[in-house]
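Comments concern the structure below.
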Amino acid sequence: MINKRSIGNAYEEQTVAFLKSKGIQILDRNFYTKFGEIDIVAKEENYLCFVEVKYRKNAYAGDPLESVTLMKQKKISNSARYYLLTHPRYQGLQIRFDVVAILGDEVNFVRNAFSYMGAQ
């Protein structure tokens with residue numbers, strides 16, 4: 001049986017390397033809250049970036065971007081609010097929600113993939 005968590009970890013590692021190659025500083029990984037998890041918290045210039053990583057082996061299971069549903073966006077937004085409450089030193093930064101969608105070997109980095117939704 002395939003361990004989805006280990007596959008997810010491998011692609012999160014790949015994403016961390018990818019983001020670092022773009023000059024993006026990694027601040028946190030797998031930040032868990034009662035609302036959900038943020039895969040990667042990063043800083044790029046004046047932006048605090050909350051990064052969701054989605055992987056699909058092939059298009060048969062659909063585009064990985066499509067899996068970042070409105071419900072998932074709300075969970076990430078609420079988790080981001082909690083992150084800011086517990087990490088006040090970052091409150092002066094602009095907030096951005098990014099998605100790294102990996103389809104096979106293709107990496108699609110979408111900055112500002114969705115907007116901040118506040119508490120829902």
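At a glance:
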quantity: Excluding exposed DSSP-loop trypsin sites (Lys or Arg not before Pro) (at most 16 other C-beta within 10 Å), longest clean stretch of the chain; calculated: 58-120
quantity: Cut-off 9 Å between beta-carbons: net charge of the residues surrounding residue 68, Lys and Arg +1, Asp and Glu -1; calculated: 0
quantity: Rounded tilt (10° steps) of 70-86 against the dominant C-alpha axis of the chain; calculated: 40
quantity: Unit charges at the beta carbon, dipole of region 4-114: most positive-side option, 104, 79, 18; calculated: 79
quantity: Linear extension gain, residue 67 paired with residue 94, 0.36 nm per residue minus alpha-carbon span; calculated: 7.2 nm
quantity: Proximal charge balance of residue 90 [Cβ under 14 Å; K/R count +1, D/E count -1]; calculated: +1
quantity: Amide H within-cut-off set for residue 114, under 5 Å, with H built and near neighbours excluded; calculated: 97
quantity: Beta bridge orientation in region 4-114: antiparallel %, DSSP, nearest 5; calculated: 65
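No value in this document is a laboratory result; all are computed from the given coordinates. Predicted model, so just to flag it, every value in this text is computed and none were measured. Because the Cβ atoms are built from the backbone with ideal geometry, glycine has one as well, and the counts that use them run over all protein chains shown.
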